[in-house]
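Dumping the structure here so I can ask a few things about it.
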Amino acid sequence: MRIIWLDLNCSYAHSSLALPALHAQVMHRADVEWEVVRTTTNESVGTAVEAIYAHRPDVVAATAWLFTHEHLLHIVARVKALLPQTVVILGGPEFLGDNGEYLKVHREVDCVLRGEGEESFPLWLDVWNVPEAWTAIPGLCYIYKDVYHDQGLSHVVDFTSLKAPEESTLFTWGKPFVQVETTRGCFNTCAFCVSGVGDPIRMLPLEDIRRRLHRIRERGIRDVRVLDRTFNYHPRHAIELLRLFEEFHPQLRFHLEVHPALLPQSVREVLSGMPHGLLHLEAGIQSLRQEVLDKSQRKGSLGDALDGLCFLCALPNLVTHADLIAGLPLYTLAQIYEDIRTLATYQAGEIQLESLKLLPGTVMRRDAAKLGIRYSPLPPYEVLETDFITCAELQEARRLSRLLDAYYNTEAWQGMTRRLILEEGDFLRRFLHHLTEHNYIDQPMSLERRGELLYLFCREHYPSYVTDVTVAWIEAGMSLKKRPAEGVRTKHIYPSEEWIVVYGEYAETYRLCFLPADDEDHGYWFGYDTSTQCTVPVFKAVWR
Ligand code: SF4
């Protein structure tokens, strides 16, 4: 039997873990021949169809995801038209809900697998061409002889016996990072999340994880994204893992999701002692309002979460990102602005503002009407309006998210943006309005362009910050010929006896520039090392 795995992603920077995760369980089987067709949503449907058709497969398999689903159907429908005998099986988070209606509409799809596939999919491969026998496959949904069959939700029973995705010959080693799952399932019950439906928690033995990390390191990979839904649910296990990760410093870096409310003293102590740069944390916070979290059925006290977040953000040895979700029930736009301000006070390393999407199979999607939520019936199922935030306000939140990414979440502009957010209560709204009014916000903007827009905006509305924006511009290594550096003097600049060195050690070979801060020769000196091509100053001094 020949199976084509259609590996469809939004870009080649991403790769689906489902392919190697499933293939690793069955690659020893001589009766199944695997081929992979890789494509992205930016590429031609016709080219993917041509590649699949050339193989004349018995089975086409793929996973659907919010942002790939529509493109996937365009490919699959054409393949089925060309090869009606080919069996199409799909899986992924898009099929956690009601699959009956879906299969009635999309007759090009023969069956879908709901839930985890590593145990179910090999069983299905045994009977792929015998639909009468599909009733034995957990999680499989299909229409056979006009009758819809729904075999519930598939859970992997023996998680520890699964072969690791990296064992598959189809594992993609060419990406800058790999994804690793050390536990599966989540203790929490967030009504908007596909993991909040009571998945049992299963963990891998530490020795297995160590072996896998050794292999990953040997392959020269630098970044490991740990997919555990809540890494620190079991404090003892979290501490063991952190100690394990430390063994791989400095070759590996780990990206983890933590619940900031679950940080007992023992975990805090270990986190405080982790080497610099080893950990990059995503702290799921979603909203800083208890009533919003309660309505979203998220367990954990907000007070504990804020305390934990404050602790994480203050640690100098790791980077912590925090996320908020616009569109949650009871959450207003005014509260979102306030919460961003609070997160900026905590010095969050990044602030992500997501738009809520009502995914199939989630409690919130089921109860949307009761909760006063209107959402898109088409992927990505984004919330369009709630009883607490209007359609226009949700669009403002989307643009605000872009502003945060362009400024607060960008190293060069973070310090300046944070100060403006904290010191000028109306800055965020006014700057967003300005970027929206001039149609900048939805366009891609280079680092320099962003700096230039911030500079011009401050020059007009917050002139006391202009010098500091220029300092940030210079320190980010931007051109001294552009507008934000219009006040900078580059000719005949000499060391001053009165300057106070901020960083670096002055050398006579350095090229100096001077940024006046007033009319009395106070200001900043920056020194550039002319022996390198580096545009970032290596020396800074100030006289105030
Ligand atoms: S949002 Fe996070 S904590 Fe909540 S159910 Fe999903 S994975 Fe678990």
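Which numbered condition in (1) in contact with a Cys (Cβ under 6 Å, 6 or more places away or on another chain); (2) open to solvent by less than 10 Å² (accessible area, probe 1.4 Å) is the only one that residue 347 fails?
(2)
Now a separate question. Please determine, by comparing only the residues of region 289-305 that are surrounded by fewer than 20 Cβ atoms within 10 Å (Cβ to Cβ) and touching a residue at least 60 places away in the same chain (Cβ under 8 Å), which one is nearest to residue 327 (Cα to Cα).
Among those that are surrounded by fewer than 20 Cβ atoms within 10 Å (Cβ to Cβ) and touching a residue at least 60 places away in the same chain (Cβ under 8 Å), it is 295.
Still on this structure, please answer the following. Within region 179-192, can you find the residues that are part of a loop (DSSP other than H, G, I, E, B), open to solvent by less than 30 Å² (accessible area, probe 1.4 Å) and either near the ligand (Cβ under 7 Å from one of its atoms) or not polar (S, T, N, Q) (or both)?
First, pick out the residues of region 179-192 that are part of a loop (DSSP other than H, G, I, E, B): 181-182, 185-192.
Next cut, open to solvent by less than 30 Å² (accessible area, probe 1.4 Å) only: 182, 185-186, 188, 190-192.
185, 186, 188, 190, 191, 192 - these are the residues of region 179-192 that are part of a loop (DSSP other than H, G, I, E, B), open to solvent by less than 30 Å² (accessible area, probe 1.4 Å) and either near the ligand (Cβ under 7 Å from one of its atoms) or not polar (S, T, N, Q) (or both).
Identify, from the list 51, 64, the residue that is touching a strand residue (DSSP E or B) at 6+ places or on another chain (Cβ under 9 Å) and more than 24 Å from residue 140 (Cα to Cα).
Going through 51, 64 in turn, the sole match is 51.
Name the pairs whose Cβ atoms lie under 6 Å apart, with the first residue in region 172-188 and free of Cβ contacts under 8 Å to residues at least 60 places away in the same chain, the second away from the ligand (no atom under 16 Å from the Cβ) and in a loop (DSSP other than H, G, I, E, B), and 6 or more positions between them or separate chains?
173/219; 178/221; 182/204
For residue 30, state whether it is of a type in the set (Gly, Ala, Ser) and farther than 13 Å from residue 79 by Cβ.
yes
One line per residue, one yes/no per condition, for (1) within 20 Å of residue 350 (Cβ to Cβ); (2) out of contact with any Ser or Thr (no Cβ under 6 Å at 6 or more places or on another chain):
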position	(1), (2)
192	no, no
200	no, yes
208	no, yes
213	no, yes
222	yes, yes
227	yes, yes
241	no, yes
265	no, yes
269	no, yes
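Residue-by-condition table, conditions (1) within 15 Å of the ligand (Cβ to nearest atom); (2) within 22 Å of residue 58 (Cα to Cα):
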residue: 137; (1), (2): no, yes
residue: 161; (1), (2): no, no
residue: 164; (1), (2): no, no
residue: 177; (1), (2): no, no
residue: 194; (1), (2): yes, no
residue: 200; (1), (2): yes, no
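Just checking, which of 118, 132 is under 27 Å from residue 29 (Cα atoms), out of contact with any Pro (no Cβ under 7 Å at 6 or more places or on another chain), modelled with pLDDT of 95 or more and open to solvent by 60 Å² or more (accessible area, probe 1.4 Å)?
132
Restricting the search to region 319-343, which residues are farther than 16 Å from residue 427 by Cα and either under 15 Å from the mean Cα position of the chain (by Cα) or open to solvent by 10 Å² or more (accessible area, probe 1.4 Å) (or both)?
Within region 319-343, 319, 320, 321, 322, 323, 324, 325, 330, 332 meet the criteria.
Does any residue of region 204-225 turn out to be within 27 Å of residue 303 (Cα to Cα) and either open to solvent by 50 Å² or more (accessible area, probe 1.4 Å) or not in a loop (DSSP other than H, G, I, E, B) (or both)?
No - not one qualifying residue is present in region 204-225.
Residues that are surrounded by fewer than 17 Cβ atoms within 10 Å (Cβ to Cβ): find the strands (runs of 3 or more DSSP E) completely inside region 1-93 holding 1 or more of those.
2-9, 33-40
The values are calculated or read from the model by the stated rules, or taken from the named source; none is laboratory data. Owing to the predicted nature of the structure, the values given are computational and were not obtained by experimental measurement. Cβ sites come from the backbone with ideal geometry, for glycine too, and all protein chains shown count toward neighbours. SASA here: full protein model, heavy atoms, side chains in, ligands and nucleic acids out. Shrake-Rupley method; radii C 1.70, N 1.55, O 1.52, S 1.80 Å.
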